[in-house]
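These notes concern the structure reproduced below.
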Amino acid sequence: METIEDRQKEIIQEFGMFDDWMQKYEYIIELGKDLPVIEQEFKTEDHLIKGCQSKVWLHADFGADGMVRFTADSDAIITKGLVSLVIRVLDGMNGQDIAQSDLHFVNDIGLTSHLSPTRSNGLASMIKQMKIYGMLAANQQPQP
């Protein structure tokens, strides 16, 4: 089974193919087009990520097996791509694994140093919310 680490390595490899940040931004925007889109009913205040300059809605479905499925949307194309990247790494993973994940790919591909402070804070807020959803999913699982 694919792990969070496997997915991060894949993304790091993909970003290594680009020579400059204009190409990387274009790729991030392209990734946003493949984002698993959130249902309209979840585009509410409750699902907005706090701390984002643009609007980002995030929804999590908890499976009986402890797996978490994410959907999202944003009104900004770069932000849509950023949330798409994080969802690509965490979607369909076990809640416990999500909660404890170290998403080092964000630094490894240079995102933190190439995003504006507000976008960087927004990305951190998205990751934090996804980890909270992971904890919630893990706490719903019967303990062995």
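What is the chain's relative contact order, in percent, from Cα pairs under 8 angstrom and six or more apart in sequence?
Relative contact order comes out at 28 percent.
Rounded to the nearest 500, what is the chain's calculated 222 nm mean residue ellipticity when only DSSP H runs of at least 4 contribute -39500 (n - 2.57) each, over all residues?
The helix-only estimate for the chain comes to -16000 deg cm²/dmol at 222 nm.
Ranking request for peptides 79-87, 36-44: highest mean number of other beta-carbon atoms within 10 Å first, then the rest in descending order.
Result, highest mean first: 79-87, 36-44.
Based on other C-beta atoms within 10 Å, arrange 135, 126 from fewest to most.
Lowest count first: 135, 126.
As a quick test, which of the pairs 24/50; 24/131; 33/128; 80/128; 9/50; 24/55 have an alpha carbon distance above 18 angstrom in this structure?
Numbers: 24/50 26 Å; 24/131 25 Å; 33/128 23 Å; 80/128 16 Å; 9/50 28 Å; 24/55 22 Å.
Over 18 Å apart, Cα to Cα: 24/50; 24/131; 33/128; 9/50; 24/55.
If we count other beta carbons within 10 Å of each Cβ, what is the order of 123, 31, fewest first? It would help to have the intermediate numbers written out before the result.
On the way: 123 24, 31 19.
By the 10 Å Cβ count, ascending: 31, 123.
Which of 98, 86, 120 sits closest to the plus end of the dipole of the chain, meaning its Cα is farthest towards the positive end, when Lys and Arg get +1 and Asp and Glu get -1 on the C-beta?
The residue sitting most towards the positive pole is 120.
For segment 1-49, take every pair of Cα atoms, bin their distances at 10 Å starting from 0, and report each bin as a whole percent.
Taking every Cα pair in segment 1-49, the percentages come to 20, 34, 32, 14, 0.
Explain nothing, just the number: dipole magnitude of the chain about its Cα centre with +1 on each Lys and Arg Cβ and -1 on each Asp and Glu Cβ, in debye rounded to the nearest 20.
The calculation lands at about 440 debye.
Among 15, 137, 1, flag the residue with its Cα farthest along the positive direction of the charge dipole of the chain, charges on Cβ as +1 for Lys/Arg and -1 for Asp/Glu.
Working it through, the farthest residue towards the positive pole turns out to be 137.
Quick one: order 21, 57 by neighbouring beta-carbon count within 10 Å, fewest to most.
Least to most surrounded, the residues fall as 21, 57.
How large is the dipole of segment 1-60 about the Cα centre if only Lys and Arg carry +1 and Asp and Glu carry -1, each at its Cβ, rounded to the nearest 20 debye?
Rounded to the nearest 20 debye, it is 260 debye.
List the aspartates and glutamates whose Cα sits under 13 Å from the Cα of residue 43, skipping any in the same chain fewer than 8 residues away.
Qualifying aspartates and glutamates at Cα under 13 Å: 73, 75.
FYI, it's all coordinate maths here, none of it is from the lab. All values derive from a computational prediction rather than experimental measurement. Don't worry about glycine lacking a Cβ; one is built from the backbone with ideal geometry, like all the others, and counts go over all protein chains shown.
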